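J.: Sharing a structure with you now.
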Amino acid sequence: MDREVRVRFAPSPTGPLHIGGVRTALYNYLFARHNGGKMLLRIEDTDSNRFVPGAEDYIIESLKWLGIKIDEGVGHGGENGPYRQSERRDIYRKYVKQLLDADRAYIAFDTPEELEAARAATPNFQYDASTRGSMRNSLTMPADEVKRLIDSGEKYVVRFKIEPGRAVVVDDLLRGKVTIKSDILDDKVLYKSADDLPTYHLANIVDDHLMGISHVIRGEEWLPSAPLHVLLYEAFGWTDTMPHFVHLPLLLKPDGKGKLSKRDGDRLGFPVFPLEWHDPQSGNISTGYRESGYLPEAVINFLALLGWNPGDDTEIMSIDELIEKFSFEHCSRAGAKFAYEKGKWFNHHYLQELDDAKLAEMFKPVLREHGVNPDDFSDEYITKVVGMVKGRINFVKDLWDQAAFFFSAPTTYDPKAIKKRWSAETPAIMNELIDQLQALPDFSSAASEQPILDWINANGYHMGNVMNAFRLAVVGECKGPHMFDITELLGRDETISRIRTAIDRIKSDEPTV
Ligand code: GLU
């Protein structure tokens, strides 16, 4: 790398950050860290019509939650600020003037109605070299008239004067050299006097230059703007420090072609936003990965592999490993299907890696939601429960389905299991089992299992039926971890009391033993 790597994530605060935007931020971050460079956060808020309150804070919080660390930018400070474009008006004005003075841009007064009329009169009308001569602008009007209109407060825009007949080359690290003819470009608006703000194109280029950006890594939807950006660098005389471009492929729908949308998430039941979003206008709430129970490590690992691989089939990678392995060499140019089920798989994995005590803490709010006061149980107890059942969960909330019986005795019993495992003889056998359990000198799993199995065998009972009836009585259904691990944790009194309750409550009509 011949120059210091400096990348930027440059979202517009027009709503919650979409998961595709998160991936863009992640690839910027991985690339910067891999190369010992810096990552900037710039807020591109020059389109005041699309500004959404709260969106900026949402972006900052999302990146923080995910562990994408910003070195410079909004909310983080730095020497190249301000990093919010709406606070950089003076800077942009100066560069707009530079282009006007160099005759690379011009002032245009055409009203929306006049533009509409031009579009109606000329098929495929484009404001460019072929049409600008017949429009109301500083190229067709006398200088004193232009000045008079500006002084009188007439609204105007500044347009970039695209030179026709040029081959414009965008050198993209993923796509190679993409060449287009300048004739297809229109004279893009760079500045609007109405709000004294530049448009995205000008602000983006000026800031990338002033902030020393070495690589522009962004979504593929910005590829069509890149030729214009190249021409702007040229017009400013900045070609030597023009950043490298990387246009990342789209995230596609999980079940078909086309771009991933919020509707896909609603339809198939997965979040498309990192955090829950409360829309200030509609009041609608959209779910987020955080609130849906995903760990940030899982989201990072999952997103990293949507469009990149480490060169082999390694899937589980921490953020440090991702940083170490990341390069554009193994980035795909094709869109990546948003295989959200895989996201659950990653979450399962990262939940297993958590310390049981930590997982127990995360489980406490879930217990409360289900009417269980976690303070009624020791931390050691909850930690042991979690350790026993965590292998079966994708989300912390799933712990409840797996472990509810550890916190309250069953009140109902699975009818199918009753039918299969609870015969007319079962109550008598369960009473004998109670005696056996009472008599055990040591109630631990290791010490209690063999004597109970021996008792079943010695009496010629059906192992499966007895053990499953035992389980049904204690758990309420025929599922759960190893039976004697359960009883060890519940303790002798609770185990026996549950068997007694079951004998009382379960009525069988068909003998099966
Ligand atoms: N403000 C643009 C966005 O919202 C930035 C595009 C770019 O990175 O150049 O994504």
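J.: In this structure, is V372 crowded, with 17+ Cβ neighbours inside 10 Å and part of a loop (DSSP other than H, G, I, E, B)? Don't jump to the end; show me each part of the working.
T.: Values: crowded, with 17+ Cβ neighbours inside 10 Å: yes; part of a loop (DSSP other than H, G, I, E, B): yes.
Taking the combined requirement at face value, the residue satisfies it.
J.: Only one residue in V157, V178, V169, V206 is among the aliphatic types (A, V, I, L, M), more than 15 Å from the ligand (Cβ to nearest atom) and either without any contact (Cβ under 8 Å) to a residue 40 or more places away in the chain or farther than 28 Å from A334 by Cβ (or both). Which one?
T.: Answer to the selection: V157.
J.: Hey, among T24, T46, which residue is near the ligand (Cβ under 10 Å from one of its atoms), farther than 22 Å from F302 by Cα and not acidic (D, E)?
T.: Numbers: T24 fails: farther than 22 Å from F302 by Cα.
Only one candidate qualifies: T46.
J.: Could you list, in sequence order, all residues of the range 145-161 that are within 46 Å of the chain's Cα centre (by Cα) and at negative phi? I'd like the intermediate steps shown before the answer.
T.: First, pick out the residues of the range 145-161 that are within 46 Å of the chain's Cα centre (by Cα): 153-161.
Correct list: E154, K155, Y156, V157, V158, R159, F160, K161.
J.: Here are the criteria: (1) more than 15 Å from the ligand (Cβ to nearest atom); (2) of a type outside the set (A, V, I, L, M); (3) surrounded by fewer than 20 Cβ atoms within 10 Å (Cβ to Cβ). Tell me which single one T199 does not satisfy.
T.: Looking at each condition in turn, T199 falls short on (1).
J.: Regarding the range 93-107, can at least one residue be identified that is farther than 30 Å from G81 by Cβ, within 43 Å of the chain's Cα centre (by Cα) and surrounded by 13 or more Cβ atoms within 10 Å (Cβ to Cβ)? Please lay out each step first, then the result.
T.: Initial filter on the range 93-107 (farther than 30 Å from G81 by Cβ): 103, 106.
Pick out the ones that are also within 43 Å of the chain's Cα centre (by Cα) and you get 106.
Checking the rest, the ones that are also surrounded by 13 or more Cβ atoms within 10 Å (Cβ to Cβ) come to 106.
Taking every residue of the range 93-107 in turn, at least one turns out to be farther than 30 Å from G81 by Cβ, within 43 Å of the chain's Cα centre (by Cα) and surrounded by 13 or more Cβ atoms within 10 Å (Cβ to Cβ).
J.: Conditions: (1) in contact with a helix residue (DSSP H, G or I) (Cβ under 8 Å, 6 or more places away or on another chain); (2) loosely packed, with under 15 Cβ neighbours inside 10 Å. L437 meets all but one. Number of the miss?
T.: (2)
J.: Identify the single condition in (1) more than 30 Å from A143 (Cα to Cα); (2) in a loop (DSSP other than H, G, I, E, B) that D103 does not satisfy, given that it satisfies every other one.
T.: (1)
J.: Looking only at the range 20-31, decide whether some residue is among the charged types (D, E, K, R) and more than 19 Å from the chain's Cα centre (by Cα). Give the derivation first.
T.: Filtering the range 20-31 for residues among the charged types (D, E, K, R) gives 23.
Remaining after also requiring more than 19 Å from the chain's Cα centre (by Cα): none.
Checked against the condition, which is being among the charged types (D, E, K, R) and more than 19 Å from the chain's Cα centre (by Cα), the range 20-31 yields no hits at all.
Yes/no matrix, rows are residues, columns are (1) farther than 17 Å from L232 by Cα; (2) surrounded by fewer than 16 Cβ atoms within 10 Å (Cβ to Cβ):
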| position | (1), (2) |
| --- | --- |
| A121 | yes, yes |
| N124 | yes, yes |
| K147 | yes, yes |
| D151 | yes, yes |
| K161 | no, no |
| P164 | no, yes |
| G176 | yes, yes |
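J.: Could I ask something else about it? Are any of the residues in the range 33-42 among the hydrophobic types (A, V, I, L, M, F, W, C), more than 12 Å from the ligand (Cβ to nearest atom) and more than 23 Å from H244 (Cβ to Cβ)?
T.: As a first pass, look at the range 33-42 and keep what is among the hydrophobic types (A, V, I, L, M, F, W, C): 39-41.
Filter once more, so that each one left must be more than 12 Å from the ligand (Cβ to nearest atom): 39.
Of the ones still in play, those that are also more than 23 Å from H244 (Cβ to Cβ) are none.
No, the range 33-42 has no match at all.
J.: Quick one: in the range 285-297, which of the residues that are closer than 18 Å to V366 by Cβ and over 10 Å from the mean Cα position of the chain (by Cα) is surrounded by the fewest Cβ atoms within 10 Å (Cβ to Cβ)? Step through it out loud before you land on a result.
T.: Taking the range 285-297 first, the residues closer than 18 Å to V366 by Cβ are 287-295.
Cutting the leftovers down to over 10 Å from the mean Cα position of the chain (by Cα) gives us 287, 291-293, 295.
Details: T287: 17, E291: 15, S292: 17, G293: 18, L295: 20.
Step by step, filter the range 285-297, then rank; the result is E291.
J.: Then there's this: Can you tell me which residues in the range 441-475 are of a type in the set (D, E, K, R) and loosely packed, with under 11 Cβ neighbours inside 10 Å? Show your work before the answer.
T.: As a first pass, look at the range 441-475 and keep what is of a type in the set (D, E, K, R): 442, 449, 454, 471.
Result: D442, single match.
J.: Please specify each residue of the range 479-494 satisfying the condition of being under 22 Å from I418 (Cα atoms) and surrounded by fewer than 16 Cβ atoms within 10 Å (Cβ to Cβ).
T.: Passing the criteria: K479, H482, E494.
J.: Quick check on my filter: what residues within the range 35-61 are outside any loop (DSSP other than H, G, I, E, B) and in contact with a Leu (Cβ under 9 Å, 6 or more places away or on another chain)? Full working, then the answer.
T.: Going through the range 35-61, the residues outside any loop (DSSP other than H, G, I, E, B) turn out to be 38-41, 43, 48-50, 55-61.
Across the range 35-61, the qualifying residues are L41, S48, A55, Y58, I59, I60, E61.
J.: Report, ordered by the first and then the second residue, all pairs with beta carbons closer than 6 Å, sequence separation of six or more or different chains, a first member in the range 444-467 that is under 14 Å from R421 (Cβ atoms), and a second member that is loosely packed, with under 13 Cβ neighbours inside 10 Å.
T.: Sorted first by the residue in the range 444-467, then by its partner, the pairs are I456/M463.
J.: Checking the conditions here, which among R84, R6, R23, R50 is in contact with a Gly (Cβ under 8 Å, 6 or more places away or on another chain) and within 24 Å of P198 (Cβ to Cβ)?
T.: Values: R84 fails: in contact with a Gly (Cβ under 8 Å, 6 or more places away or on another chain); R23 fails: within 24 Å of P198 (Cβ to Cβ); R50 fails: in contact with a Gly (Cβ under 8 Å, 6 or more places away or on another chain).
Just a single option satisfies the conditions, and that option is R6.
J.: For the subset of the range 3-12 comprising residues that are more than 9 Å from the ligand (Cβ to nearest atom) and modelled with pLDDT of 95 or more, which member is farthest from the chain's Cα centre (by Cα)? Even if it seems obvious, please write down each step before you answer.
T.: Going through the range 3-12, the residues more than 9 Å from the ligand (Cβ to nearest atom) turn out to be 3-7.
Retained after the next criterion (residues that are modelled with pLDDT of 95 or more): 4-7.
Numbers: E4: 28, V5: 25, R6: 23, V7: 20 Å.
Here the answer is E4.
J.: Shifting gears a bit: In the range 215-249, how many are within 28 Å of E341 (Cβ to Cβ) and either without any contact (Cβ under 8 Å) to a residue 24 or more places away in the chain or more than 13 Å from the ligand (Cβ to nearest atom) (or both)?
T.: Number of matching residues: 1.
J.: Here is a further query. Would you pick out the residues in the range 318-343 that are under 14 Å from I393 (Cα atoms) and surrounded by 18 or more Cβ atoms within 10 Å (Cβ to Cβ)?
T.: Listed by number, the list holds a single entry, G343.
J.: Same structure again: Being buried (at least 17 other Cβ atoms within 10 Å of the Cβ) and either part of a helix (DSSP H, G or I) or of a type in the set (D, E) (or both) is the filter here; which residues of the range 62-85 pass it?
T.: S62, L63, L66, D71, E72, Q85
J.: Another question about this same structure. The conditions are (1) of a type in the set (F, W, Y); (2) closer than 26 Å to R23 by Cα; (3) touching a strand residue (DSSP E or B) at 6+ places or on another chain (Cβ under 7 Å), and Y200 fails exactly one of them. Which is it?
T.: The one condition Y200 does not meet is (3).
The values are calculated or read from the model by the stated rules, or taken from the named source; none is laboratory data. What you see is a predicted model, and the numbers here were worked out from it, not measured in a lab. Ideal geometry is used to build each Cβ from the backbone, glycine not excepted, and the neighbour counts take in all protein chains shown.
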